[in-house]
Amino acid sequence: MKNLLSAICAAATLLLPGCTPKDPVEARVDELLSRMTLSEKIAQMNQLSGRTDMREAVAGGTVGSILNCVDPAEINELQRIAVEQTRLGIPILFGRDVIHGFRTIFPIPLGLAATFDPALVEQGARIAAVEATASGIRWTFSPMLDIARDPRWGRVAEGSGEDPYLDAQMGAAMVRGYQGGDLSSPDAMAACVKHFAGYGAAEGGRDYNSTMISERSLRNTYLPPFKAAIDAGAATLMTSFNEIDGIPSTGNSFLLRDILRDEWGFDGMVVTDWNSSGEMVAHGFAADLKDATRISVNAGVDMDMMSHGFSAYIEELVREGKISVKSIDKAVGNILRLKFRLGLFDNPYVDASAAAQACYTPEHLQAAKLAAAESAILLQNHGEVLPLENARRILVTGPMADAPYEQLGTWIFDGEEEHTVTPLAALRKRFEVVYVPALAYSRDNSTAHLAEARAAAAGCDAAVVFVGEESILSGEAHSLSSLDLQGSQSQLIAEVRRSGKPVVVVVMAGRPLTIERDLANCDAMLYMFHPGTMGGEAVADLLTGCIAPSGKTPMTFLREAGQVPYYYNHNNSGRPCKGNETLLADIPLKAGQTSLGNTGFYLDSGYGPLFPFGYGLSYTTFVYSNIRLSKQRYGTDETIVVEYDLQNTGHRSGTEVAQLYIRDMVGSTVRPVKELKRFERVSLDAGQSRHLRFELPVSELAFWGMDMQYRVEPGAFRLWVAGDSASGEPVEFEVL
């Protein structure tokens, strides 16, 4: 009855004589706001965790959103109390961290980025939404769009790596997948882009740490993925834990009002991260929780996640004139708008009997398997050891060979390890397998069973060693100063190598590890960021050649952690490394006090990274040729047409990720040495060649220059089409 009355009132508002017709949702928001008391408004701004009994809080009208409640029967009961027993009948918004799958777990987001396949990423997000909404979850705290250039930071696992363009493409794809074509559809889940902003630039890779980002860098590098996701229709946004230049993001009105609302026109809802409002006290930016509440609301936050400050202090702050009722109405309006757009007022309940049937369908599992296969990066394949077509009997060893929970990766609250297919289980269907675990888990320092693994390998046609990280070693609050394989894993690889048999290493990890020494002890290496439920089946398909690897590195792989930060799209110094400098081992004793080349490089770790951004081999080879532009000079309103030929020059079918990079040679501020602007997955049969093209509007060459204006600056440019960020020959063009 309450919902019916609301609809009648809203319709009447639309028909008032002399008034411009309002958007139906806006009319309903205004009508409901007009009937709410201040305490009822404050309740909508309060989000609590459902790890305890929420019935009293809901019945008392003190909560607008609940997270971490996933039982559909419990969700329906709480929703019934909210809709039928409170004065206004406003439904609860139920949220959950659905990061890379709900029940059917896909590769971690960094692995999804390695696919360079936005369509597949969108499909994965759609599957996650279908499964989660069947249990009543209508809001996910994903995608994470933090540019991450430091693999020591554990949360690199949750993002798309170091490149703004790739991050933007993946983030927009996730938003489309989660939300579908109609946000009011029962299987649509509101996306929440996070963390706004600069969180991935935490000093030293230590989670929650300070960041020092200039406004120009913020706009050129860190904000574009957020803008792309909002342009894709993202319904909500989350503030970040970090401060930028001394201002915590949850209290940063420049970010939340000036940029997000005024410049970008965002009309969605802004939520804090878990207690990020309260943490401004620890930052030293707020005197106490009451002060933090004042700062947060006035900065532009709509909903508080678990600081309890909004519910405790907003009413008092309004009475004191420190927060205006207008600010409260704006915040609550944003929350109600989201609930109306999600259709919660009209359809608040979920069919609890259908929740289980929505998960683990054959289509979902097949998509997860394909995503895991496409995410695998072939880093090395000496002597074409892979695929293992001539092997009958193989050794399977290592702590990640049969670790169903660990291969799911970080942030899998609802993943079920009993549904995980491990490499051991999948490979037993394809080979005669000798299984020697050797190590109990990735941090196991024991060497007692390494010789057993070597002896077993000697009696096999090949050895496959599964190493990496347990899922708990990456993700939030899991930063590392060393990026080497943990425990005795490197010793295991070296010991198996002594068997004399071909050695294949498969890494399953949450970040790019420093695996140079391990490459020296194997013939082939497949790198997989935790691949999820169907990772084992994907590995089996890859090792047997049913599918060729096509993943590309979404972050630069380093030789050692001391190179951090190292990323491909850096600015040049005045003395860039040339690659022929004297290294540490070559310096003679009592050398004269010269600068050994006068360029910027590390004496001990060499001239560059282990593998560049965008790198990945296949079981075949590809050649780019005849790269040409539609013309040599372009106006700022024109489109650059790039044509090229791509040939599969090997003896197997394969998929290449063709990548287009540009460089602005001279700018009003120093520009990156390369920037990714386009990419495309291209599948070719053995010997096949295709004539392909990219189209790049000149407007996409714009940046925030010296005068802090966003524009394309005229001048000379270079352009590359290649298989990674370090390959290819440039062609030149000019912008007039």
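Checked against (1) in contact (Cβ under 8 Å) with a residue 60 or more places away in the chain; (2) within 25 Å of Ser689 (Cβ to Cβ); (3) touching a Leu at 6+ places or on another chain (Cβ under 8 Å); (4) open to solvent by 50 Å² or more (accessible area, probe 1.4 Å), Arg652 meets all criteria but (3). Under the condition of being open to solvent by 20 Å² or more (accessible area, probe 1.4 Å) and under 25 Å from Gly654 (Cβ atoms), the residues counted in the range 333-373 number 4. You will find that of Val350, Val318, Val301, the residue that is modelled with pLDDT of 95 or more and in a helix (DSSP H, G or I) is Val318 and no other.
Checking the conditions here, which among Leu439, Leu424 is open to solvent by less than 10 Å² (accessible area, probe 1.4 Å), farther than 28 Å from Leu617 by Cα and either in a helix (DSSP H, G or I) or out of contact with any Phe, Trp or Tyr (no Cβ under 6 Å at 6 or more places or on another chain) (or both)? Lay out the reasoning, then the answer.
Details: Leu424 fails: farther than 28 Å from Leu617 by Cα.
Being open to solvent by less than 10 Å² (accessible area, probe 1.4 Å), farther than 28 Å from Leu617 by Cα and either in a helix (DSSP H, G or I) or out of contact with any Phe, Trp or Tyr (no Cβ under 6 Å at 6 or more places or on another chain) (or both) holds for just one of Leu439, Leu424, which is Leu439.
Counting the residues of the range 22-49 that are out of contact with any Leu (no Cβ under 8 Å at 6 or more places or on another chain), small (Gly, Ala, Ser) and surrounded by fewer than 23 Cβ atoms within 10 Å (Cβ to Cβ) gives 2. Of the residues making up the range 242-263, just one is open to solvent by less than 10 Å² (accessible area, probe 1.4 Å) and assigned to a loop (DSSP other than H, G, I, E, B), namely Asn242. Selection over the range 163-203 of residues that are open to solvent by 10 Å² or more (accessible area, probe 1.4 Å) and either of a type in the set (Ser, Thr, Tyr) or outside any helix (DSSP H, G or I) (or both) gives a count of 9. Apart from one condition, Val70 fits all of (1) surrounded by fewer than 22 Cβ atoms within 10 Å (Cβ to Cβ); (2) more than 22 Å from Leu237 (Cα to Cα); the exception is (2).
Entry remark, the range 374-387: residues being in contact with a Pro (Cβ under 7 Å, 6 or more places away or on another chain) and either part of a helix (DSSP H, G or I) or open to solvent by 10 Å² or more (accessible area, probe 1.4 Å) (or both) number 2 in total. Considering (1) touching a Gly at 6+ places or on another chain (Cβ under 9 Å); (2) in a loop (DSSP other than H, G, I, E, B); (3) among the polar types (S, T, N, Q), the lone condition that Asn390 does not fulfil carries the number (1).
Looking only at the range 266-323, which residues are of a type in the set (A, V, I, L, M), more than 24 Å from Gly246 (Cα to Cα) and crowded, with 18+ Cβ neighbours inside 10 Å?
Across the range 266-323, the qualifying residues are Met269, Ile314, Leu317, Val318.
Being assigned to a loop (DSSP other than H, G, I, E, B), charged (D, E, K, R) and touching a Gly at 6+ places or on another chain (Cβ under 6 Å) is a condition met by at least one residue of the range 576-583.
Of the listed requirements (1) open to solvent by 20 Å² or more (accessible area, probe 1.4 Å); (2) out of contact with any helix residue (DSSP H, G or I) (no Cβ under 7 Å at 6 or more places or on another chain); (3) at pLDDT 95 or above, Thr52 misses just one: (3). Pairs, please: C-beta under 9 Å, at least 6 apart or cross-chain, first residue on the phi > 0 side of the Ramachandran plot and in the range 217-244, second in a loop (DSSP other than H, G, I, E, B) and at pLDDT 95 or above? If the second residue must be in a loop (DSSP other than H, G, I, E, B) and at pLDDT 95 or above, the pairs left are Gly233/Leu183; Gly233/Ala191; Gly233/Gly268.
Pairing residues of the range 369-388 that are more than 19 Å from Leu427 (Cβ to Cβ) with residues that are open to solvent by less than 30 Å² (accessible area, probe 1.4 Å) and among the hydroxyl-bearing types (Ser, Thr, Tyr), at Cβ distances under 7 Å and at least 6 apart in sequence or on separate chains, gives Ala371/Thr115; Glu374/Thr115; Glu374/Ser550; Ile377/Tyr527; Ile377/Thr553; Leu379/Tyr527.
Restricting attention to the range 588-641, the residues that are closer than 30 Å to Ile547 by Cα and crowded, with 17+ Cβ neighbours inside 10 Å add up to 15. Only residues in the range 417-434 that are free of Cβ contacts under 8 Å to residues at least 60 places away in the same chain and closer than 13 Å to Gly535 by Cα count as the first member; pair them with residues that are outside any loop (DSSP other than H, G, I, E, B) and aliphatic (A, V, I, L, M), Cβ under 8 angstrom, at least 6 apart or cross-chain, and list the lot. From residues that are free of Cβ contacts under 8 Å to residues at least 60 places away in the same chain and closer than 13 Å to Gly535 by Cα, the pairs are Glu417/Leu408. Identify all residues within the range 665-685 that are open to solvent by 50 Å² or more (accessible area, probe 1.4 Å), more than 31 Å from the chain's Cα centre (by Cα) and more than 19 Å from Ile640 (Cβ to Cβ); write none if there are none. Result: Asp685, single match.
The one condition from (1) over 25 Å from Arg96 (Cβ atoms); (2) in contact with a Ser or Thr (Cβ under 7 Å, 6 or more places away or on another chain); (3) among the aromatic types (Phe, Trp, Tyr) that Phe196 does not meet is (1). Touching a strand residue (DSSP E or B) at 6+ places or on another chain (Cβ under 6 Å) and of a type in the set (A, V, I, L, M): which single residue out of Leu583, Leu603, Leu558, Leu610 fits that description? Result of the check over Leu583, Leu603, Leu558, Leu610: Leu610. The range 667-736 holds strands (runs of 3 or more DSSP E) entirely within its bounds, and those carrying 2 or more residues that are of a type in the set (D, E, K, R) map to 675-684, 689-697, 731-735. Of the residues making up the range 214-241, those that are open to solvent by 20 Å² or more (accessible area, probe 1.4 Å), in contact with a helix residue (DSSP H, G or I) (Cβ under 8 Å, 6 or more places away or on another chain) and part of a loop (DSSP other than H, G, I, E, B) are Ala232, Gly233.
Gly159 passes every criterion in (1) touching a strand residue (DSSP E or B) at 6+ places or on another chain (Cβ under 7 Å); (2) surrounded by fewer than 24 Cβ atoms within 10 Å (Cβ to Cβ); (3) small (Gly, Ala, Ser) apart from (2).
The values are calculated or read from the model by the stated rules, or taken from the named source; none is laboratory data. Bear in mind that the values here come from a model prediction, so they are computed numbers and not experimental data. Positions of Cβ are generated from backbone atoms using ideal geometry, with glycine treated the same way; all protein chains shown enter the neighbour counts. Each accessible area value is taken on the protein alone, full model and side chains, heavy atoms only, with ligands, DNA and RNA left out. Shrake-Rupley method; radii C 1.70, N 1.55, O 1.52, S 1.80 Å.
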